[in-house]
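Heads up: the structure comes next, in structure tokens.
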Amino acid sequence: MAVEYKTGGNIISKGLFKILTFAILLLIISIALALIANILSFLGFPTFLNFINSTLSAIDKATSTVAIEVKNALQNSGVSSFLSIYGWGIFSIIMLLAFFWKLIFRAYFRLILRPYMVITTVIAFFIFYFVTSYFGFGTFFLSMLEESALFISTYIPKLSEVSYIVLNFISTYSLEYVFAYYVILYFFSFITVWLSYSSKMDYLKPSSARDECIKTLKEARKKTITLPIRMKFYVSNDNSFNAFAFAHNKVAINTGTLKEADEEVLRGVVAHELGHIAHLDVTSNTIAQANFFLIFAIIMIPANIIASTFSPKEGEKVNIFTYVLWLLFFFLMRIVSKIMNSIHYACYLIGGKRSEYKADKFAVKIGEAKGLLRFMAAFIDEPSGGFSDPHPSTRNRLSHILSWIDDSSIKEYENIDTMRIRQNLL
């Protein structure tokens with residue numbers, strides 16, 4: 001019998017995604033109108049030209065008004081004065097605490113074992129360091145840390161001396177760039193996940209399906225410290241019988257799985273995805289992708305400076321060069337994105353099969369092998385495990401799972417006849 005489930009929520013995230021989509025569409029329309037305006041100006045159609053220029057001015061005025069109103073609202077709020085003094089300091093302290101928490105207690109130090117993540121991180125950091133140091137951003141990065149030291153010395157005087165010793169060490173070895181790189185990468189990873197997944201899906205709301213997910217999570221946390229206390233479970237509008245994990249403690253279950261799976265199979269599927277999170281598989285992939293976004297953003301800094309140099313001043317007509325430049329950078333970014341994503345996927349294929357085996361073993365370890373076996377059996381006759389597939393073949397995975405069951409001392413596996421399953425499936 002299929003498990004009962006409910007979906008909904010995530011309204012704010014979906015709304016923000018629609019606003020972002022609208023803003024991008026508005027930008028594209030503005031560029032198109034600017035190009036048409038220049039063509040009409042060359043051909044001599046003043047009526048249409050005035051109309052287009054008026055439209056562009058209206059768009060610019062509307063966006064500027066919204067930005068000014070948001071800025072005024074923030075300045076007039078009661079929190080504004082406090083944040084203007086200690087805002088960057090508090091932010092820096094939170095980021096540092098998050099960094100050490102993830103590095104030590106969530107075992108992020110293990111990420112150095114992922115070659116493709118390390119390679120993309122080194123490349124992104126050196127590009128980030130070169131561009132930001134060239135344009136003098138290092139002073140701003142250091143000022144953020146200085147404000148954190150000021151905040152600590154004001155509210156926790158006993159730690160003031162230590163904080164300034166640490167600050168002096170950071171400034172001596174220019175580690176403020178490392179801190180800034182981590183902060184920016186952290187937020188780019190959120191943006192990557194949000195754009196790719198969470199802004200497009202509903203939450204799995206309280207129901208028997210969600211209860212089974214929480215039950216599996218609690219059992220998994222008994223076996224490892226690298227899983228968070230709380231996680232978010234989403235429903236992906238996909239009728240295929242599958243599920244997937246993504247960074248920042250999120251698991252998405254396809255509607256096809258929720259419609260067909262019972263509680264045991266659902267727990268087996270979720271246990272496998274929790275294995276990916278526990279082993280930092282999705283984290284390393286997201287960091288690699290976030291590095292790509294970071295590189296693009298850094299490239300846009302000099303692009304913005306060049307474009308602003310040629311942007312029209314008040315009273316001047318639209319300068320086509322500005323918009324063509326942005327358009328060229330946009331297409332360049334798309335080409336580079338495709339190349340880098342292809343390289344990333346090729347590197348992912350190398351370690352992908354090993355990651356799948358480890359996630360299967362994690363599900364066996366926490367006692368959910370029965371559901372996982374039943375889930376895998378549904379794909380026994382489907383082609384899998386090819387060169388372009390990061391998953392091993394289904395038969396190989398089943399063989400490994402059965403071997404791990406044989407070696408396990410978990411009581412729930414005592415009545416599983418692994419020999420019979422091998423004869424029937426393998």
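The values are calculated or read from the model by the stated rules, or taken from the named source; none is laboratory data. Keep in mind that this is a model prediction, so the values were computed, not measured. Using ideal geometry, Cβ is built from the backbone for each residue, glycine included, and neighbour counts are taken over all protein chains shown. Accessible surface areas use protein heavy atoms only, side chains included; no ligands, DNA or RNA. Shrake-Rupley method; radii C 1.70, N 1.55, O 1.52, S 1.80 Å.
A few points about this structure:
- Protein accessible area in the stretch 90-234, 1.4 Å probe - carbon and sulfur %: 71
- Partners for LYS353 among aspartates and glutamates (Cα-Cα distance below 12 Å; same-chain residues under 8 apart left out): ASP281, ASP389
- For the listed peptides 136-148, 23-35, a ranking on the average number of other beta carbons within 10 Å per residue, highest first, reads 136-148, 23-35.
- Electrostatic bookkeeping for ASP238 treats Lys and Arg as +1 and Asp and Glu as -1; over the other residues with beta carbon under 14 Å from its beta carbon, the sum is 0.
- Each of LEU150, LEU372 has its accessible area taken with a 1.4 Å probe; listed largest first, they run LEU150, LEU372.
- Average accessible surface for the stretch 178-279: 40 Å² per residue, computed with a 1.4 Å probe over protein heavy atoms with every protein chain in place.
- Prolate/oblate/rounded label for the stretch 179-222 (Cα gyration tensor, a/c 1.5): oblate
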